[in-house]
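In what follows, a structure is listed as structure tokens, so that the remarks can point back to it.
The values are calculated or read from the model by the stated rules, or taken from the named source; none is laboratory data. Owing to the predicted nature of the structure, the values given are computational and were not obtained by experimental measurement. Cβ coordinates were reconstructed from backbone atoms using ideal geometry, including for glycine residues, and neighbour counts include every protein chain displayed.
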Amino acid sequence: MSLFGTNTGFGSGGTGVFGNTTTDSHNPMKDVEVTSPPDDSISCLAFSPPTMPGNFLIGGSWANDVRCWEVQDNGQTVPKAQQMHTGPVLDVCWSDDGSKVFTASCDKTAKMWDLNSNQTIQIAQHEGPIRTIHWIKAPNYSCVMTGSWDKTLKFWDTRSPNPMMSLQMPERCYCADVVYPMAVVATAERGLIVYQLENQPSEFRRIESPLKHQHRCVAIFKDKQSKPTGFALGSIEGRVAIHYINPPNPAKDNFTFKCHRSNGTNTATPQDIYAVNAISFHPVHGTLATVGSDGRFSFWDKDARTKLKTSEQLDQPITACCFNNNGNIFAYASSYDWSKGHEYYNPQKKNYIFLRNAAEELKPRNKKW
Amino acid sequence: MTVCNFFLQGRCRYGDKCWNEHPRGGRGGDFRGNQQPSRGGYGNRVWINPSQRSGGDYVQQSSFSRDGNNDWSRGGGGGGGGGTPRDVKSSDFSFSSQNRFSALTSHTPSEKDAQSSTDDVDTIQKDMEVWQTSGQWPFSCYSVLPGKLSGFVEVSPEELRLEYYSGRASGDLQAYMSSVQQLADQWRSRVQELRSMSSSTRISVISELNNPSLQTSTPGSGFGSTASGFGATSSSSSSSSTGFGAAGFGQGSQSSSTFSFAPSKTGFGAASSTQHASGVVSGVLAQPSSGFGCAPAASASSFSFSEPQASSVSVSVSSFSFRPSPGESSASAVLQSGSSGVFGADTALFSTHTDLTAEELKEFTSKRFTLGQIPLKPPPADLLVL
């Protein structure tokens with residue numbers, strides 16, 4: 001018996017979607033499809049930083065590979081290179097100069113990929129799968145931060161096999177984000193820790209989670225002076241919490257909102273609630289995008305507290321998303337996220353990465369500052 | 001520009017289009033007052049006057065709720081069970097009442113009296129109902145402020161998927177399947193139990209919530225310290241309440257690797273659903289810390305239903321075997337005394353033979369407790385099996 005109950009399926013309903021002759025809902029938004037997508041679910045996406053010209057997209061997947069595409073201005077994508085791990089890749093990130101890519105995998109290692117030479121070396125080792133990886137660029141140091149299911153957060157100078165620092169966490173790391181000088185890590189059992197990265201990383205505060213269920217994704221946002229000031233935290237329960245670190249009025253400034261739920265127009269029929277798989281903030285506008293297990297993405301303005309747009313429903317969950325460095329491109333990946341267990345896993349089903357023009361749709365509503 | 005008076009009252013019909021100034025501070029303060037007249041949503045001021053809407057997008061009603069905390073204490077839109085409708089129909093709108101927002105400012109611990117405890121319990125029931133019907137991810141922890149409810153195992157989809165992939169690679173998917181099945185059953189029964197909220201469940205839940213010091217809601221304290229992923233997870237969901245139980249249970253395994261889904265791990269049976277009492281048990285154990293001979297190991301073993309030291313292979317996961325070990329029996333005794341002072345049973349830890357009736361003695365001397373006849377009094381000291 002399926003554990004997950006009688007949910008309304010995705011798109012045209014259920015697993016056997018491919019093969020539909022009439023409407024194929026794998027790309028209802030008619031966005032640009034990235035060529036040569038990975039063969040298994042995409043776990044993470046990252047665009048190149050502004051320090052290098054052009055747009056390069058990195059995607060890690062459950063097929064143990066990391067792929068790199070060049071995204072040209074006309075929207076064409078050109079596969080450039082690929083590297084492998086021995087286990088599924090869970091997170092990727094770029095160095096600040098755009099020459100290196102760091103990849104974290106379930107094989108308990110993290111690798112540094114030099115794009116110019118197309119070589120990789122291992123730079124980190126954990127006792128458990130590494131779930132998050134971020135590059136930290138501080139005035140007096142640079143390092144890679146890895147968060148793992150072994151409950152540790154380690155900081156690596158890429159030249160040394162031993163970590164510069166290792167911090168113990170209360171539980172397994174589920175998601176993290178870094179915007180210097182702040183880092184936020186959300187762990188299992190609703191743990192939430194903020195670190196400050198000046199001088200050296202140290203724990204700044206442990207926060208009581210504003211959400212009731214498992215944490216799934218976190219993203220830091222900045223204030224108008226481009227200083228990190230808070231974060232958005234998503235859970236498996238179709239809810240995102242906006243939390244400021246030092247708000248003038250916490251009760252009013254911090255709030256949560258519901259998203260990625262089916263349209264329960266009346267209270268009689270129960271809603272379907274989907275997990276929020278990823279959150280990304282637009283680098284220019286400060287508005288945010290959320291993608292969920294329901295196969296939709298939504299854009300929100302957290303200051304005006306309004307929804308800007310919700311997409312049509314794709315036939316698969318959306319597992320990852322990211323914006324490019326100037327905010328013109330929004331990339332999102334459509335693949336299975338295991339939200340319904342192994343019964344709904346179809347290895348034959350094609351996975352997609354879509355690119356969308358994000359310049360207009362993410363403009364904030366509130367023009368009065 | 002002149003400041004818009006209506007906006008300050010939260011009643012401006014023109015929203016963004018207004019010719020007057022809408023100072024941002026004033027807006028926040030009057031958000032609450034905005035609700036009834038707007039009938040439309042929390043954030044969309046433009047929403048109010050249809051003639052001023054510029055684009056179709058504005059019609060989308062934002063489903064922002066003011067403060068997550070509020071949902072929890074009120075339970076109105078608590079689990080999100082369709083509480084905030086998405087469409088325009090104003091008739092569907094139920095702002096449960098303005099009190100929803102007044103609790104915002106007065107959300108202090110002093111609020112947590114008996115009244116809000118029952119609200120919490122209602123919230124829990126509603127949330128469970130939503131959880132059952134919504135198809136959301138089942139392997140998640142759950143909490144109602146300030147405490148966290150035990151009996152829920154936290155597993156992320158990625159961890160589960162990795163287990164599947166490892167099983168597939170090694171050719172043994174059966175272990176994965178049965179583990180998932182166990183987890184699922186455990187979740188289902190726990191949710192059902194909380195939803196139906198019998199009186200004993202209610203008591204244990206309330207005591208869990210009212211004793212946040214025993215919970216890991218105080219961030220960082222007492223999360224299961226064992227590193228091994230899965231087997232410890234379920235124990236840590238219960239041992240997290242003890243804070244020290246984890247140490248005993250860990251059995252020295254330092255492998256902080258991924259889950260081992262081996263069915264022999266007693267982790268599942270441990271947090272078996274109807275043992276919600278474990279939450280309270282842990283409470284008991286935490287308090288009289290000097291009470292029991294072998295404190296951590298005993299408390300841990302009470303969860304795992306196995307020998308304290310052995311990683312037992314043959315424990316049947318679904319069975320209910322109570323071991324009459326000291327920690328458990330007195331704990332269950334205390335639990336079922338039903339008083340709100342859960343710890344307030346005997347001050348003496350053990351009873352004498354003469355204190356107990358024949359049936360109780362029989363229970364204590366037998367290998368397993370019979371459900372429904374578990375003695376309320378603590379066992380005599382000489383019957384303790386250590």
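Below are the figures for this structure:
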| quantity | calculated |
| --- | --- |
| Residue list for the range B:132-155, restricted to those being facing chain A (nearest Cβ under 8 Å), within 13 Å of A:Ile236 (Cβ to Cβ) and more than 10 Å from the chain's Cα centre (by Cα) | B:Ser134, B:Gly135, B:Gln136, B:Trp137, B:Pro138, B:Phe139, B:Glu154 |
| Residue list for the range A:198-220, filter: in a strand (DSSP E or B) and touching a residue at least 60 places away in the same chain (Cβ under 8 Å) | A:Arg216, A:Cys217, A:Val218, A:Ala219, A:Ile220 |
| Residue check, A:Val291 under 16 Å from the mean Cα position of the chain (by Cα), away from chain B (no Cβ under 12 Å) and at pLDDT 90 or above | yes |
| In the range B:153-168, residue nearest to A:Gln271 (Cα to Cα) [restricted to those that are touching a residue at least 12 places away in the same chain (Cβ under 8 Å) and part of a helix (DSSP H, G or I)] | B:Pro157 |
| Residue match in the range A:282-305 (condition: touching a Gly at 6+ places or on another chain (Cβ under 6 Å) and of a type in the set (S, T, N, Q)) | no |
| Enumeration of residues in the range A:101-153 that are under 22 Å from A:Pro201 (Cα atoms), in contact with a strand residue (DSSP E or B) (Cβ under 8 Å, 6 or more places away or on another chain) and acidic (Asp, Glu) | A:Glu127 |
| One residue from A:Trp113, A:Trp149 being buried (at least 20 other Cβ atoms within 10 Å of the Cβ), in contact with a helix residue (DSSP H, G or I) (Cβ under 9 Å, 6 or more places away or on another chain) and of a type in the set (Phe, Trp, Tyr) | A:Trp149 |
| Condition met for B:Ser150 (in contact with a Leu (Cβ under 8 Å, 6 or more places away or on another chain) and either in contact (Cβ under 8 Å) with a residue 24 or more places away in the chain or buried (at least 23 other Cβ atoms within 10 Å of the Cβ) (or both)) | no |
| Residue list for the range B:156-186, restricted to those being of a type in the set (Gly, Ala, Ser) and more than 7 Å from chain A (Cβ to nearest Cβ) | B:Ser166, B:Gly167, B:Ala169, B:Ser170, B:Gly171, B:Ala175, B:Ser178, B:Ser179 |
| One residue from A:Val178, A:Val185, A:Val194 being within 14 Å of chain B (Cβ to nearest Cβ), among the β-branched types (Val, Ile, Thr) and crowded, with 21+ Cβ neighbours inside 10 Å | A:Val185 |
| Residue within the range A:222-231 that is within 13 Å of chain B (Cβ to nearest Cβ), hydrophobic (A, V, I, L, M, F, W, C) and buried (at least 22 other Cβ atoms within 10 Å of the Cβ) present | no |
| Residue ID - surrounded by the fewest Cβ atoms within 10 Å (Cβ to Cβ), chosen from residues in the range A:155-174 that are in contact with a Gly (Cβ under 8 Å, 6 or more places away or on another chain) and within 18 Å of A:Lys108 (Cβ to Cβ) | A:Met169 |
| Strands (runs of 3 or more DSSP E) wholly inside the range A:115-194 containing at least 1 residues that are in contact (Cβ under 8 Å) with a residue 40 or more places away in the chain and among the small types (Gly, Ala, Ser) | A:142-148, A:173-179, A:182-187 |
| Residue pairs meeting the criteria (Cβ under 9 Å; at least 6 apart or on separate chains; first on the phi > 0 side of the Ramachandran plot and part of a loop (DSSP other than H, G, I, E, B), in the range A:340-369; second exposed (fewer than 13 other Cβ atoms within 10 Å of the Cβ) and modelled with pLDDT under 90) | A:Gly341/A:Ser2 |
| Only one of A:Arg365, A:Arg356, A:Arg296 that is modelled with pLDDT of 90 or more and within 14 Å of another protein chain (Cβ to nearest Cβ) | A:Arg296 |
| Residues that are small (Gly, Ala, Ser) and within 13 Å of another protein chain (Cβ to nearest Cβ), drawn from the range A:197-206 | none |
| A:His260 being in contact with a strand residue (DSSP E or B) (Cβ under 9 Å, 6 or more places away or on another chain), more than 24 Å from A:Arg365 (Cα to Cα) and buried (at least 22 other Cβ atoms within 10 Å of the Cβ) | no |
| Qualifying residue in the range A:194-205 (condition: of a type in the set (A, V, I, L, M) and either in contact with a Lys or Arg (Cβ under 7 Å, 6 or more places away or on another chain) or within 19 Å of A:Thr146 (Cβ to Cβ) (or both)) | yes |
